[in-house]
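Shown next, in structure tokens, is the structure this report addresses.
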């Protein structure tokens, strides 16, 4: 949640809320809101939910920002395959997940045994 505070501050400002008005809207003390925005403190799940609802966004966006899968996966071919896999049926997705889990486990074990 390293970016939570800066994301919260930006989204609050973009919506035109002052800290005082926003704190009142989400029913927290302005000091607590300030701590959230400076990453000194983390809100409870209930407060985070009120923040997300007031900002008309998701908790994922608050926590992770606007990251996409492409931000985390440097291999374009792999990212494309993951996108295509999302279009498969539920059972097919489960098969892909099982295969990937087994393959990654084998690779991890192989790496540990060769050390």
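Reducing the range 73-107 and the range 8-70 to their Cα centroids gives an inter-centroid distance of 33 Å. Remark: the range 49-115 projects, on average over all directions, an area of 7.1 nm² (convex hull of Cα atoms). In the elastic network of the chain, a GNM with C-alpha springs shorter than 10 Å, the most mobile of 61, 95, 31 is 95. Residue exposure proxy: 50, 38, 12, ordered by other Cβ atoms within 10 angstrom of their Cβ from fewest to most, comes out as 38, 50, 12.
For the chain, the equivalent ellipsoid derived from the alpha-carbon gyration tensor has semi-axes of 39, 17, 13 Å in decreasing order.
Taking springs between alpha-carbon atoms closer than 10 angstrom, which of 104, 96, 30 fluctuates most in the Gaussian network model of the chain? Among 104, 96, 30, the largest GNM mean-square fluctuation belongs to 104. With both labels modelled 7 Å from their Cα along Cα-to-Cβ, the residue 34 to residue 102 distance reads 5.7 nm. Axis angle, to the nearest 10 degrees, between helix 90-113 and the longest C-alpha principal axis of the chain: 80 degrees. Helix 76-85: angle to the longest alpha-carbon principal axis of the chain, degrees 0 to 90, nearest 10? Helix 76-85 sits roughly 90 degrees off the main axis of the chain. Largest mean-square fluctuation among 60, 94, 27, in a Gaussian network model of the chain whose springs join Cα atoms under 10 Å apart, belongs to 94. Only DSSP H runs of four or more residues enter the estimate; each adds -39500 (n - 2.57), and after division by the residues of the chain the mean residue ellipticity at 222 nm equals -21000 deg cm²/dmol.
Read the figures in this text as sums done on the coordinates, not as results from a lab. Everything quoted here is computed from the prediction, not taken from an experiment. Positions of Cβ are backbone-derived with ideal geometry, glycine not excepted, and every protein chain shown enters the neighbour counts.
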